[in-house]
């Protein structure tokens, strides 16, 4: 053993695998040049008092810290990574991946983010208070128990749980080969300026027509 080995500035610290034994661990000790005043630890020693072994078939290999952080490789049940707060990532070994986060989950991505899903994606917030579902049939479903709002600049569409829908914007255009407006109650058009209707023909066929204007009504 050379005492100065690894002390060069050309050698980085903490490279490779390194695990410093904890107090109470069983270790293997040797001595530099067999001198009793120069002991050194060669490594930790596994024994039944500190480890449960690899289980049936010796399938389990694990790396754990004293606080409860664990990396477990199980040849019979996949891979699991845990921390002391219960957060974990599980690779089942059969193709499934499960992630559990007990508190916040944040992602910072410096460039593009692409997600490809073959069958279906569901985002569920607040135990089905807000649900977004997309499937490979081209169907997108947005469900909210209180309100859905789409907004950009001065334009917005708001749908509320009581059945109210508000559409706001500077210019609103509705175009279609056939446009129908059906209401079981009243239909009201209220405008502070002129209201224009231009078509090759206009048919009005109600049981009653009422035109009320305190100033002037012109029909040409």
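Tabulated values for the structure
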| read-out | value |
| --- | --- |
| Lone qualifier among 121, 114 - being farther than 30 Å from residue 172 by Cα and surrounded by 12 or more Cβ atoms within 10 Å (Cβ to Cβ) | 121 |
| Count of residues meeting criterion [in a loop (DSSP other than H, G, I, E, B) and surrounded by 10 or more Cβ atoms within 10 Å (Cβ to Cβ)] in segment 147-167 | 1 |
| Count of residues meeting criterion [within 20 Å of residue 105 (Cα to Cα) and in a helix (DSSP H, G or I)] in segment 54-89 | 0 |
| Residue selected from segment 27-53 under the condition in contact with a strand residue (DSSP E or B) (Cβ under 7 Å, 6 or more places away or on another chain) and not in a strand (DSSP E or B), by the criterion nearest to residue 70 (Cα to Cα) | 45 |
| Residue selected from segment 2-21 under the condition in contact with a strand residue (DSSP E or B) (Cβ under 9 Å, 6 or more places away or on another chain) and either modelled with pLDDT of 85 or more or surrounded by 10 or more Cβ atoms within 10 Å (Cβ to Cβ) (or both), by the criterion nearest to residue 69 (Cα to Cα) | 19 |
| Residue tally, condition within 20 Å of residue 17 (Cβ to Cβ) and at pLDDT 90 or above, over segment 58-79 | 6 |
| Close pairs from segment 199-220: first at pLDDT 75 or above, partner exposed (fewer than 10 other Cβ atoms within 10 Å of the Cβ) and part of a loop (DSSP other than H, G, I, E, B), Cβ under 7 Å, at least 6 apart | 211/217 |
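The values are calculated or read from the model by the stated rules, or taken from the named source; none is laboratory data. Quantities reported herein were computed from a predicted structural model and do not represent experimental measurements. Positions of Cβ are backbone-derived with ideal geometry, glycine not excepted, and every protein chain shown enters the neighbour counts.
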